[in-house]
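The values are calculated or read from the model by the stated rules, or taken from the named source; none is laboratory data. From a predicted model like this one, the values you see are computed outputs, not experimental measurements. Cβ sites come from the backbone with ideal geometry, for glycine too, and all protein chains shown count toward neighbours. These accessible areas exclude ligands, DNA and RNA; they are computed on the full protein's heavy atoms, side chains included. Shrake-Rupley method; radii C 1.70, N 1.55, O 1.52, S 1.80 Å.
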Amino acid sequence: MLVYDAHSPAPRCLRMFLLEKQLQLPAVTVDVMTGENRQSAYLAVNPAGQTPALRLDNNNILTEAVAIAEYLEELYPAPVLIGSTPEQRAQTRQWWRRVELNITEFIHNAYHYAEGLTRFESRIPVVPEAAEGLKRVAQDRLRWLDNMFGTGPYLCGERFTAADIWLYVWLDFGQSVNQPFDQSLPNINPWFDRVAARPSAEQSKTLLKT
Ligand SMILES: N[C@@H](CCC(=O)N[C@@H](CS)C(=O)NCC(=O)O)C(=O)O
C-alpha cells in the first residue's frame, strides 16, 4: 500500500488514525500548497484532485479519508477505532456523520471561501459571501454537539474512536485559520484537551515518512 499524504487536515485525520492503529505504511507527500495535487500526475491517482489517497497492492486507489479508515479497520481490526460489534460500529458512524455533515464540512468550506480563498479560487467554485455564515453554522452545530455529549470521556462514551479524531483535527485546524471554537463549551473543551493529550495528536502534525 502507499499513502498519498499532504500538509492538510483530511490527510492529518488519516495520519492520526494510522498512529492510533500503530500502522506504518509507505507514503509519498503531495504538495497541496503549490497545487501539485491539481496537476495531471496526481489527477491520474485521484481525479478529484484531493488528498489523502491510498494505493492498494493491486494498484487500485481509494480516496476519501473516511473510506480509507473503514478499509484499514477491516484489514487491521485492533486497536479498535470504529467498532468491534455492529452496534459499536453504528454508534461510531452516527457520531462521525454528525461531526462531518454538521461541523467539519462547514469549517472546510468556510476556509475555502475566506482565509483559503486566494489558493482555492482557481481550483474549485468559491462563494466568499457564504464564508461568515458557514463559520456561524459550524459554531452553532458544535454547541448542538456539546449538548448531546454523553458522560464521556469521548463521543462514544468510554471508546476513543475515529469520530473523535475527525472532530479534533478539524477543530484544531479551525483554530489556525480564524475559526476558533467557543472555549466555554462545557463538554467539548475538556474533551478537546483530552484528545490533544494523546501522543497521536502531536505526532500527526508531522507528515508520514516517505
Ligand atoms: N472529503 C475528502 C476531502 C479531501 C480534501 O478536501 N482534501 C484537501 C486537504 S484537507 C485537499 O487535498 N485540498 C487541496 C485541494 O483541494 O486542492 C476527505 O475527507 O478525504
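Laid out as a table, the results:
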{"item": "Top-ranked residue in the range 82-106 [being outside any helix (DSSP H, G or I) and among the polar types (S, T, N, Q); ranked as farthest from the ligand (Cβ to nearest atom)]", "result": "T85"}
{"item": "Within the range 90-142, tally of residues that are free of Cβ contacts under 8 Å to residues at least 24 places away in the same chain and open to solvent by less than 50 Å² (accessible area, probe 1.4 Å)", "result": "9"}
{"item": "Candidate set from the range 1-19 (those that are part of a loop (DSSP other than H, G, I, E, B) and near the ligand (Cβ under 9 Å from one of its atoms)); member that is surrounded by the most Cβ atoms within 10 Å (Cβ to Cβ)", "result": "A6"}
{"item": "Selection within the range 143-169 - among the aromatic types (F, W, Y) and in contact (Cβ under 8 Å) with a residue 60 or more places away in the chain", "result": "F160, W166, Y168"}
{"item": "Members of the range 151-210 found to be open to solvent by 60 Å² or more (accessible area, probe 1.4 Å) and either of a type in the set (D, E) or touching a Cys at 6+ places or on another chain (Cβ under 6 Å) (or both), listed by number", "result": "E158, D193, E202"}
{"item": "Some residue of the range 22-43 being closer than 30 Å to L145 by Cα, modelled with pLDDT of 95 or more and crowded, with 16+ Cβ neighbours inside 10 Å", "result": "no"}
{"item": "Filtered residue count, the range 62-81, keeping only those that are in contact with a strand residue (DSSP E or B) (Cβ under 7 Å, 6 or more places away or on another chain) and within 8 Å of the ligand (Cβ to nearest atom)", "result": "2"}
{"item": "Matching residues, the range 37-54, being part of a helix (DSSP H, G or I) and more than 9 Å from the ligand (Cβ to nearest atom)", "result": "S40, A41, Y42, L43"}
{"item": "Single residue of E64, E74 found to be open to solvent by 40 Å² or more (accessible area, probe 1.4 Å) and within 17 Å of W170 (Cβ to Cβ)", "result": "E64"}
{"item": "Failed condition for Q22, given (1) in contact (Cβ under 8 Å) with a residue 60 or more places away in the chain; (2) more than 8 Å from the ligand (Cβ to nearest atom)", "result": "(1)"}
